[in-house]
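The values are calculated or read from the model by the stated rules, or taken from the named source; none is laboratory data. Computed from a predicted structure; not experimentally measured. So basically every Cβ, Gly included, is an ideal-geometry build from the backbone, and we count neighbours across all protein chains shown. Protein only, heavy atoms only, side chains kept; ligands, DNA and RNA dropped before computing areas. Shrake-Rupley method; radii C 1.70, N 1.55, O 1.52, S 1.80 Å.
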Amino acid sequence: MTVRLAVFSLFLGLFTSCSVPRKSNIVRLQPDDRKTRLSIVAGLSTTDAGVEEMVNSIVSECFPDVELEWETADWGTGFAPLLQSHLSAGEVPDIIIGKAQDVAVYAATGCLAPIPTAVVEQIKPEVLASVSIDGLVYGAVLNVMYQGVLYNKNIFYRYGLEVPRTIAELEEIVRILEQVGITPFASHFQENWYTANILMQFALNDVFLSQPDWGKRFSQGEVSYTASSEMQQCLQNAAYIYTHSFSDSFVLTQRESDHRFIAEKAAMYLTGSWTMQEISSVAPYMEIGLFPYPNREGNARLIFEPNLTLMKSSLSQHGDIIDDLFTVLFGNQSFAETIYAFTQTASVLKAVPAKYPAIISSDIHRYMEDGMILSAARGNSQLVWAVQDEVARHTVLWLQGKEDFAQLLLSCDDARQYSN
């Protein structure tokens, strides 16, 4: 049995404390009455599959008169269209589960209600800024992921390579690896979300670190890709990854790319800690490190991203029940710890110690101690996903030779129309 399945098989026996507030407004239904049904639209990443069963288990134990009706979609491709179809029809789900960056998008429509204080008080303050608007918190963040370059420590040791801090040092590593016949980077450009993710990783350290309001000014038409050498460098970085990766990366899925990296067919992998779920399941013995992709200034920071985020409908007829459900979920330490172990993510709850994926925990701690951590929310809250997705789509067309660079820049600027 793999580590992933073992963790998942244990969770059913862990949830013993419901901790429903004393003054709960839940109305207990008579046996012959229908259950209260709460609709959920959830955008889940590949590492999140199975979280639904964990939540259902809590509800079954603590809220026997409540039933959850789930609609799930891949966050990167299907979540936004699915949720938008509901909103267009005036059918706002009772609960929305997405990422922290979704909060600003959907709060702007008026369909979100503030998260209850009892839940907000469970979450570490440093992540609340990414889900707060005008002093109110509209998203309950459950976990956090880290992003950067995973690297095979054994390959680096074998060829005397050191973690790079500058672009020049990274280019030298790539040169040496290709000289000895090793593919420098694993990648999977088949999936548009991957292109969008790495572009944002570049932008966070090359643009937003020194120009924290670039995305806001882009939305207002004050700056552009066409006039920004920094953003153009981010696009060129994507081309650099593609050029020094698998020749068939346009047809690879994340899982296939993960397994090639595990099989040491590539030395580095610009990705996120979500890849650790597969590594921990298949090859927990691997010696893996993590570093931020170098920027032009040589001061790149490791990126953390608030991930699974629960939102509450402002139009639901069951607001009190949702408040109680959120309070139970965020107050159940066993539930949280199982989620973290299953998804290989870190805690953002005050009551649960922040345990990072074991293989890369020492690296994360080192960057934290050095103050070299940057929140993805800085960029994601300004360049919303619809903009990033469109920019990524045209970047792939450029990489495939279907657009030239000048066309790409114009297409990126045209993506401004998808801003809030």
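To the nearest ten degrees, helix 192-203 and the longest principal axis of the Cα atoms of the chain are 70 degrees apart. Tell me the GluC sites (Glu not before Pro) within the range 202-284 that lie in a loop according to DSSP and have at most 11 other beta-carbon atoms within 10 Å. Here the sparse-neighbourhood loop sites are E222. Please identify every one of the GluC sites (Glu not before Pro) in the range 101-180 that sits in a loop by DSSP and has no more than 15 other beta carbons within 10 Å of its own beta carbon. When the GluC sites (Glu not before Pro) of the range 101-180 are filtered for loop state and at most 15 Cβ neighbours within 10 Å, E121, E162 remain.
As a quick test, which of the pairs K216/K265; K153/K355; K35/K312; K99/K355 have an alpha carbon distance above 29 angstrom in this structure? Beyond 29 Å: K216/K265. Once the mean of 1/r is taken over each pair of separate Cα atoms and inverted, the range 134-271 shows a Kirkwood hydrodynamic radius of 16.7 Å.
Per residue, the convex hull around the alpha carbon atoms of the chain comes to 144 Å³. The mean accessible area for residues of the range 78-177, using a 1.4 Å probe and ignoring ligands and nucleic acids, is 41 Å² per residue. Of all DSSP-defined beta bridges confined to the chain, some 60% are antiparallel rather than parallel. Distance from the C-alpha centroid of the range 263-310 to that of the range 96-122: 27 Å, rounded to the whole angstrom. Restricting the chymotrypsin sites (Phe, Trp or Tyr not before Pro) of the range 254-293 to loop positions (DSSP other than H, G, I, E, B) with no more than 14 neighbouring Cβ atoms within 10 Å leaves Y285. Taking the chain as a whole, the Cys residues whose C-beta sits 4.7 Å or farther from every other Cys C-beta are C111, C234, C412. Counting only alpha carbon atoms, the long axis of helix 385-399 and the longest principal axis of the chain meet at about 30°. Compared with the dominant Cα axis of the chain, that is its longest principal axis, helix 229-243 is turned about 80°. Only protein heavy atoms count here; on that basis, with a 1.4 Å probe, W75 has an accessible area of about 20 Å².
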